[in-house]
Amino acid sequence: EAPDESDGADEYLCAWDFNSDNYNGDILDDELKAWLAGTRAGLVLVMLDSCYSGGFESDLVNRPGVVGIFSSQEDKTSAEAATFRAGVLAYTLEQALAGQADADNDGRITAEELEDYVLTIMPQICPVCKTMHPGEGQVCPLYHLPLTGENRRQHPETGRILLRDLPVLVIECR
């Protein structure tokens with residue numbers, strides 16, 4: 001029981017070799033919150049590509065200068081595509097930070113541009129074949145597999161408290 005949580009349960013970050021018999025080494029949401037509270041950075045960007053990661057939003061996005069991008073909502077699993085060798089959010093962020101999120105082409109990616117890119121693009125990526133196809137299609141366009149269960153489209157969770165739109169990344173324009 002976690003009375004400070006809306007769903008009554010704490011969230012944990014678990015390593016890939018997670019052992020449910022002992023939680024040693026896993027990170028509790030309250031621990032991560034305390035670590036981030038100690039930073040004096042003007043911008044804290046938290047990106048979690050893990051199942052149920054939206055549950056971290058209320059704990060971590062709790063003061064000005066904090067931006068959170070989470071691969072799933074609090075009660076949802078996250079997709080990982082074997083062809084990506086990563087989660088759909090990690091793939092989307094890789095594309096975003098390579099310059100795709102620079103909406104105004106000024107050589108800077110702001111927190112707002114990053115969030116807008118993720119919210120727009122991530123639900124359009126087929127988690128099976130990693131191709132883009134707009135809309136809410138229910139079948140992978142390449143392999144014709146149903147996009148349900150583990151293969152469902154991702155709907156990320158985001159949150160930010162910014163006094164102004166801060167740059168996340170300055171990219172070199174060629």
Q | Solvent accessible area, Å² - Met132, 1.4 Å probe, full protein context | A | 90
Q) Given H placed on each backbone N at 1.01 Å, which residues far from Val46 in sequence or on other chains put an amide H within less than 5 Å of it? A) Val67, Gly68, Ile69
**Q.** Ordering of 48-60, 32-44 by burial proxy (mean other Cβ atoms within 10 Å per residue, highest first)
**A.** 48-60, 32-44
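The values are calculated or read from the model by the stated rules, or taken from the named source; none is laboratory data. These figures come from a predicted structure and were not determined experimentally. Cβ atoms come from the backbone with ideal geometry, glycine included; neighbour counts cover every protein chain shown. Areas reflect the complete protein model, heavy atoms only, side chains present, ligands, DNA and RNA absent. Shrake-Rupley method; radii C 1.70, N 1.55, O 1.52, S 1.80 Å.
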